[in-house]
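What follows is a single structure, written as structure tokens, with notes after it.
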Amino acid sequence: MGELSSGSVPFYALPYLDMRGIPAMRYQGEDVLLTEIETRWKVSDRWSLLGFGGVGRAAGKFTELDNAENRWAGGTGFRYLLVQKLGLNVGIDIARGPEDWAFYIQVGSAWKR
């Protein structure tokens, strides 16, 4: 995934690394590149375990992305299928970024089950 901006963009609208384990807007710039992966293991009809990880770079200009530092984040979690007809999952993720740990409560999913 990549996000680019140009011109007079306010700081709160600049692209940033949006990954579990990294606080929102911690690493931002006019240009951002990011890749993530998530894998899920179905333990039973309702329970599943997952692992995820990613890396990204943020820089002031597109040409500076080569020299920008890689920021890694990853973690693990679980999901419980709360409403089977709707495919509604709930769960918890624990992630580690470059500086600290983070805890997330998840409801729903961006992925079709």
Query raised in the report: Would you pick out the residues in segment 2-32 that are within 13 Å of Leu65 (Cβ to Cβ) and either surrounded by fewer than 17 Cβ atoms within 10 Å (Cβ to Cβ) or in contact (Cβ under 8 Å) with a residue 40 or more places away in the chain (or both)?
Result: Gly2, Leu4, Pro15, Leu17, Tyr27
Report summary line: Going through segment 51-87 in order, the residues found to be over 18 Å from Arg26 (Cα atoms), without any contact (Cβ under 8 Å) to a residue 40 or more places away in the chain and surrounded by 15 or more Cβ atoms within 10 Å (Cβ to Cβ) are Gly77, Phe78, Arg79, Leu81
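Report the residue count in segment 33-50 for those that are of a type in the set (A, V, I, L, M, F, W, C), over 13 Å from the mean Cα position of the chain (by Cα) and surrounded by 13 or more Cβ atoms within 10 Å (Cβ to Cβ). Let's see the steps before the verdict.
Going through segment 33-50, the residues of a type in the set (A, V, I, L, M, F, W, C) turn out to be 33-34, 37, 41, 43, 47, 49-50.
Filter once more, keeping what is over 13 Å from the mean Cα position of the chain (by Cα): 41, 43, 47, 49-50.
The next check asks that each one be surrounded by 13 or more Cβ atoms within 10 Å (Cβ to Cβ); those that pass are 47, 49-50.
Selection size over segment 33-50: 3.
Please report, ordered by residue number, the strands (runs of 3 or more DSSP E) entirely within segment 24-113 with at least 1 residues that are acidic (Asp, Glu) and touching a helix residue (DSSP H, G or I) at 6+ places or on another chain (Cβ under 8 Å).
Working: elements: 31-42, 47-59, 71-83, 88-96, 101-107.
So the answer is 31-42.
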Report task. Any chance you could count how many residues in segment 57-95 are at pLDDT below 95 and among the small types (Gly, Ala, Ser)? Result -> 5
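The values are calculated or read from the model by the stated rules, or taken from the named source; none is laboratory data. Model, not experiment: these values are computed from the prediction. Ideal geometry is used to build each Cβ from the backbone, glycine not excepted, and the neighbour counts take in all protein chains shown.
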